[in-house]
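Notes follow the structure.
The values are calculated or read from the model by the stated rules, or taken from the named source; none is laboratory data. This is a predicted model, so every value here is computed, not measured. Neighbour counts are summed over all protein chains in view; Cβ atoms, including those assigned to glycine, are modelled from backbone coordinates with ideal geometry.
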Amino acid sequence: MNPTNHSPAGAILFSPVHLIEQFRGHRLVVRSSDPHRFPKYLKGDGLEQIEYIQLTDLEADPSPLVKWKTVFPIDLVMTVPVREYPRLYAFAPLLDRGPVRISIPVAEGMEKAVRLAASLDFSIKIIPQQPDVDQVKQLIRLADFYLRNPTIEEPIEFFHSLFLGIVNSEVITLWEILEKTPARYGFVTDDGRIVDSQHCPITDAEMNPETGSEKNSDTATIRHSSRQRVMNRLKECVVCPYWQWCRGFFKYPAPDYSCAKVFPLFQHLFAAAAEFKNDLAELNSGAPA
Amino acid sequence: MIPPPPPPLSLIFLPTLQCDADCEYCFEKKGGSPLSLDVLPEIFGKIFDFMDERNTHELHVHWQGGEILTLSPEWVEDAGESIRRTAESHRKQVTHFLQSNLIGYSRYWEPAITTIFGKSIGSSVDYPNCHRKVKGGSPDNFNPIWLEKADMARCTGNHIGVISIPSTKTLEAGAEAFYDYFTKRLGITDFQLNSPFAGGPANRVKAGYPLDPEQLGLFFTQLIDIWMARGYDQGVRIGPFDQLLQCFRDEPHLLPCIWHRNCADHFICIHPEGHLAQCDCWVSSYPQFRFGNIFQDESLSAILGASAARKRFLDRPADIVQKQDCINCEFLGICHGGCPIRAYSFRGNLSDKDPYCPTYLKVFRHMRSVAARCSTKNGSRQVESIK
């Protein structure tokens, strides 16, 4: 199999570590549930292609990674936060060697997992897949926990990039923050097939109308037509004030998900950003905060 | 990628449990023979091998006791040289720290203190002194003897830092009298306060521990205010408040072991007979919590890996966040449930949080507000400005 025929040029592939030879020459994120496999397969030359490694089992013994002389950034992928969060202490010694991120799904125990991971100085990626009302309340509490707690050192995504994007008026989409943009990330199955990282409800051209086959057309028209095509499928996005940040992210995987559930989170982040900008303006003007 | 320098391993090194003091709150089971110089290469060789496995390059050796100055200066110098040679052959860096009550100090100690400890001594004084005694003496004459010895040591250029343990009498005397005693009477500009606990054999004094956490917290916050008003800008340092201040100001800091994420990750203690334990609070008085003996196996890693007692320490913070309310605490990241010996000596349960939790909360909140008032944050974490 020639992966170059199946993945977008320059894309980062999420591959099982044992398939590294098959994907030499690609930028890779390699994963395994077994920490022993990383030292076993990541040897020799050409390892600069590795962006980071992903350990997908937090019940595993971290000592092979602690003892490993080679250091890569590590992403620890939680699947059941309510069960796995206490395990973070066992993995904390990895922080003495290099950067470690915890990827945490929005699921039972997420709030505890995020609080503990942040308290241990792990960086964090929260994966907010179509949260329910209660989960959105938890996300709002966690956003405040992150934004207002001076002892939290490391970024908590997606809050961090979204917040700074809003503050700086620089659009960054949730797809990009969460490493799910189809044009940039590909997923390699355990048997070596490359599939889209997600079954994204919108196409790459729709998400990024400035690129692709429509790049020679008038950008504004393209943006309009691209959005319109999405809107035809995802009616709620037509009037959505957060479209440019979201680009239909919360319509994945169930297009009938009601985004009204996540609006309070966006509203909260926008209000916090406004408060922050106001504080900055007062600080710069010398006025009392 | 080039990994960051890993944090040092800290060895609490007890070459002797002989002591010339008889402090009523001491947690050690004292006595016995000192460590033999002959075994030092084996001990430190195993420690350095263990560090190799963990990719750790620096060892901090905290010389405690017992009382180090009950050994001979020659013994300490020879030990320092032996450790240096072993470290050199293992390509490890070693930094030594001395904790001494100074009773046995004389000029004969200067070569060892200079060569091994870099002319720095950590010592201990209380105010008012209720419980520290020279063996056969009374609390009344401890501080005068200490001050005489400290002055001798300072005359030759040694830096002396002090640990102080508050008592109910300290709380009654108040923060102002306490601060003045150390800075004016003793001329100490670098001191640290530790909270007392009932470690080791029970007695009348320890029956009064822990101190009232709220009262202790109030005392600490008052002391912080006095220090910030009078001493901070003059270079006076009071631990752990100085490190907390830096923590809340987002500056480099080193919090004391009681607030490490897991003291079992970076600390180990060795007894004169080779017993291994979490720290000096455990090794002599709680044999059931020993991790093993360094002479029982070729590999320290194997000894520690097989130790059920060490696993209990490693698991403690995870137990605490599941069983206690710490997971919802805004200061979890700088406390992690506090000190194991303070928890265990209070209720006999290692998985309890530190009984001084209310003290810490009061101090953390107060220090955070102090930091906010005097902060000139550089904005590297812009979002923190939203308060």
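Could you look through region B:238-258, keep only residues that are at negative phi and acidic (Asp, Glu), and pick out the one that is modelled with the lowest pLDDT? For region B:238-258, the residue satisfying everything is B:Glu251.
Looking for something touching a His at 6+ places or on another chain (Cβ under 7 Å), part of a helix (DSSP H, G or I) and either within 12 Å of chain A (Cβ to nearest Cβ) or surrounded by 15 or more Cβ atoms within 10 Å (Cβ to Cβ) (or both) - is there at least one such residue anywhere in region B:288-303? Within region B:288-303 (the criterion being touching a His at 6+ places or on another chain (Cβ under 7 Å), part of a helix (DSSP H, G or I) and either within 12 Å of chain A (Cβ to nearest Cβ) or surrounded by 15 or more Cβ atoms within 10 Å (Cβ to Cβ) (or both)), the answer is no, since none of the residues qualifies.
List the helices (runs of 4 or more DSSP H) inside region A:126-180, counting only whole elements, that have at least 1 residues being of a type in the set (Phe, Trp, Tyr) and within 14 Å of another protein chain (Cβ to nearest Cβ). Full working, then the answer.
Values: elements: A:133-148, A:159-167, A:174-177.
Because the criterion is at least 1 residues that are of a type in the set (Phe, Trp, Tyr) and within 14 Å of another protein chain (Cβ to nearest Cβ), the helices (runs of 4 or more DSSP H) in region A:126-180 that meet it are A:133-148, A:159-167.
Being farther than 30 Å from B:His253 by Cα and either within 22 Å of the chain's Cα centre (by Cα) or within 14 Å of another protein chain (Cβ to nearest Cβ) (or both) is the requirement here; does B:Cys26 meet it? For B:Cys26, the condition - farther than 30 Å from B:His253 by Cα and either within 22 Å of the chain's Cα centre (by Cα) or within 14 Å of another protein chain (Cβ to nearest Cβ) (or both) - is not met.
The set of residues from region A:58-69 being part of a loop (DSSP other than H, G, I, E, B) and surrounded by fewer than 16 Cβ atoms within 10 Å (Cβ to Cβ) comprises A:Glu59, A:Asp61, A:Lys69.
If you go through region B:16-54 and keep only what is assigned to a loop (DSSP other than H, G, I, E, B) and aromatic (Phe, Trp, Tyr), you end up with B:Tyr25, B:Phe27.
Looking across region B:225-257, just one residue is within 14 Å of chain A (Cβ to nearest Cβ), of a type outside the set (Asp, Glu), crowded, with 18+ Cβ neighbours inside 10 Å and in a loop (DSSP other than H, G, I, E, B), and that is B:Arg249.
Listed by first and then second residue, the pairs linking a residue in region A:110-123 that is facing chain B (nearest Cβ under 7 Å) to a residue that is among the aromatic types (Phe, Trp, Tyr), with Cβ atoms under 6 Å apart and 6 or more places separating them unless they lie on different chains, are A:Lys112/A:Tyr85; A:Leu116/A:Tyr85. In region B:111-126, the residues that are farther than 12 Å from B:Gln99 by Cα form Cβ pairs under 7 Å with partners that are basic (Lys, Arg), at six or more places apart or across chains, as follows: B:Asp126/B:Arg132.
In this structure, is B:Phe178 farther than 17 Å from B:Glu67 by Cα, surrounded by 19 or more Cβ atoms within 10 Å (Cβ to Cβ) and touching a helix residue (DSSP H, G or I) at 6+ places or on another chain (Cβ under 8 Å)? So that I can check it myself, show each step before the final result.
On the way: farther than 17 Å from B:Glu67 by Cα: yes; surrounded by 19 or more Cβ atoms within 10 Å (Cβ to Cβ): yes; touching a helix residue (DSSP H, G or I) at 6+ places or on another chain (Cβ under 8 Å): yes.
It is true that B:Phe178 is farther than 17 Å from B:Glu67 by Cα, surrounded by 19 or more Cβ atoms within 10 Å (Cβ to Cβ) and touching a helix residue (DSSP H, G or I) at 6+ places or on another chain (Cβ under 8 Å).
Need the failing condition index for A:Leu147 against (1) over 17 Å from B:Val321 (Cβ atoms); (2) more than 15 Å from the chain's Cα centre (by Cα); (3) surrounded by fewer than 18 Cβ atoms within 10 Å (Cβ to Cβ); (4) in contact (Cβ under 8 Å) with a residue 24 or more places away in the chain, just the number. A:Leu147 satisfies every listed condition except (3). Of everything listed in (1) in a helix (DSSP H, G or I); (2) under 20 Å from B:Val76 (Cβ atoms), the single unmet condition for B:Leu147 is (2).
Only one of A:Leu178, A:Leu164 is within 19 Å of A:Met78 (Cβ to Cβ) and within 16 Å of the chain's Cα centre (by Cα); which?
Working: A:Leu164 fails: within 19 Å of A:Met78 (Cβ to Cβ).
None of the others qualify; the one that does is A:Leu178.
When A:Phe91, A:Phe122, A:Phe145, A:Phe72 are screened for being among the aromatic types (Phe, Trp, Tyr) and under 25 Å from A:Leu280 (Cβ atoms), only A:Phe145 passes. Scan region B:318-338 and tell me whether some residue there is more than 13 Å from chain A (Cβ to nearest Cβ), surrounded by 21 or more Cβ atoms within 10 Å (Cβ to Cβ) and either modelled with pLDDT of 95 or more or closer than 27 Å to A:Glu154 by Cα (or both). Within region B:318-338, one or more residues are more than 13 Å from chain A (Cβ to nearest Cβ), surrounded by 21 or more Cβ atoms within 10 Å (Cβ to Cβ) and either modelled with pLDDT of 95 or more or closer than 27 Å to A:Glu154 by Cα (or both). Residue count for region A:50-98 satisfying the condition of being closer than 29 Å to A:Glu108 by Cβ and basic (Lys, Arg): 2. Taken together, B:Val125, B:Val162 contain a single residue that is in contact with a Leu (Cβ under 7 Å, 6 or more places away or on another chain) and aliphatic (A, V, I, L, M), which is B:Val125.
Checked against (1) more than 9 Å from every other protein chain (Cβ to nearest Cβ); (2) modelled with pLDDT of 95 or more, B:Arg373 passes all but condition (2).
Does region A:72-83 include one or more residues that are in contact with a helix residue (DSSP H, G or I) (Cβ under 8 Å, 6 or more places away or on another chain), surrounded by fewer than 16 Cβ atoms within 10 Å (Cβ to Cβ) and either at pLDDT 95 or above or of a type outside the set (S, T, N, Q) (or both)? Steps first, answer last, please.
Filtering region A:72-83 for residues in contact with a helix residue (DSSP H, G or I) (Cβ under 8 Å, 6 or more places away or on another chain) gives A:72, A:74, A:76, A:78, A:81-82.
Next, from what is left, pick out any that are surrounded by fewer than 16 Cβ atoms within 10 Å (Cβ to Cβ): A:82.
Subsequent filtering for residues that are either at pLDDT 95 or above or of a type outside the set (S, T, N, Q) (or both) retains A:82.
Looking through region A:72-83, at least one residue is in contact with a helix residue (DSSP H, G or I) (Cβ under 8 Å, 6 or more places away or on another chain), surrounded by fewer than 16 Cβ atoms within 10 Å (Cβ to Cβ) and either at pLDDT 95 or above or of a type outside the set (S, T, N, Q) (or both).
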